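I have placed the structure first, in the form of structure tokens, so that the comments after it can refer back to it.
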Amino acid sequence: MLELKNVNAYYGGIHALKGINIEVKQGEIVTLIGSNGAGKSTTLKTISGQVVPKTGSVLFEGQDITKQPPHITALSGIAHVPEGRRIFSRLTVRENLEMGAFSVKDKNVIKERMERVFHYFPRVKERLDQKGGTMSGGEQQMLAIGRALMSHPHLLMLDEPSMGLAPIVVEQIFDIIKELNKEGMTILLVEQNAYQALQIAHRGYVIQTGEIKMVGEGRVLMNNEIVKEAYLA
């Protein structure tokens with residue numbers, strides 16, 4: 001479904017991604033783990049079009065999307081839930097969800113998609129007329145994922161969904177990620193909580209200073225001594 005080929009990306013003079021190669025197959029949960037500044041978020045931004053690589057290519061469902069604008073990439077079937085959630089704090093929960101379906105004109109389709117979001121996140125339904133910025137961190141994360149689902153994506157990219165959340169909320173979020181995947185959603189997950197991520201991932205990539213250092217099945221990486229020492233200790 002998704003393939004990054006020898007991607008090199010820069011922030012000014014900083015070489016952020018150094019020839020990385022990543023593959024995500026349809027129906028997989030693939031996780032990208034690494035320390036702060038390793039290039040995890042930059043990888044997702046490169047896929048969604050927020051960062052344009054200097055060299056290399058990004059292929060999605062057989063199409064080259066390397067230099068595609070972010071809004072076109074979103075229409076192509078990729079939904080990106082950014083680090084820090086980035087909901088529209090002054091808009092209501094309902095308005096945030098509607099923003100996720102910005103390209104849909106049929107009100108019945110919007111309603112159906114909203115009901116699907118409520119299936120996963122009943123709490124979001126309870127907060128429909130509340131301003132997004134007044135919700136708890138966990139509720140905002142649920143809203144951010146729900147907003148992404150409103151675009152009916154083929155690929156869901158999640159950047160640090162557990163960040164700053166209580167352990168019980170983290171468990172809820174990861175249960176929903178597993179449920180989405182069981183229903184056919186392909187997921188690319190960036191997560192500093194390597195233990196949680198590798199538990200649910202079919203495959204994982206370890207990235208250090210912009211380079212892919214290791215790749216393997218989630219369970220295999222969990223039992224790798226180098227991964228244990230660096231990320232699971």
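Structure values in brief
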read-out: Residue match in region 38-49 (condition: at negative phi and in contact with a Phe, Trp or Tyr (Cβ under 7 Å, 6 or more places away or on another chain)); value: no
read-out: Subset of region 51-66 (residues that are surrounded by 15 or more Cβ atoms within 10 Å (Cβ to Cβ) and of a type in the set (Ser, Thr, Tyr)); value: 66
read-out: Tally of residues being closer than 26 Å to residue 221 by Cα, more than 16 Å from the chain's Cα centre (by Cα) and hydrophobic (A, V, I, L, M, F, W, C) across region 10-57; value: 4
read-out: Residue check, residue 46 buried (at least 19 other Cβ atoms within 10 Å of the Cβ), hydroxyl-bearing (Ser, Thr, Tyr) and within 30 Å of residue 232 (Cβ to Cβ); value: yes
read-out: Residue among 23, 28 that alone is without any contact (Cβ under 8 Å) to a residue 24 or more places away in the chain, under 21 Å from residue 178 (Cα atoms) and surrounded by fewer than 22 Cβ atoms within 10 Å (Cβ to Cβ); value: 23
read-out: Residue pairs meeting the criteria (Cβ under 7 Å; at least 6 apart or on separate chains; first at positive phi, in region 149-163; second crowded, with 21+ Cβ neighbours inside 10 Å and assigned to a strand (DSSP E or B)); value: 160/190
read-out: When residues of region 67-100 are limited to those that are buried (at least 19 other Cβ atoms within 10 Å of the Cβ) and more than 16 Å from the chain's Cα centre (by Cα), the one farthest from residue 128 (Cα to Cα); value: 68
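Any read-out appearing in this document is the output of simple, stated calculations on the displayed coordinates, not a laboratory observation. These numbers were taken from a predicted model, which means no experiment stands behind them. Every residue, glycine among them, receives a Cβ derived from its backbone with ideal geometry; neighbour counts consider all protein chains shown.
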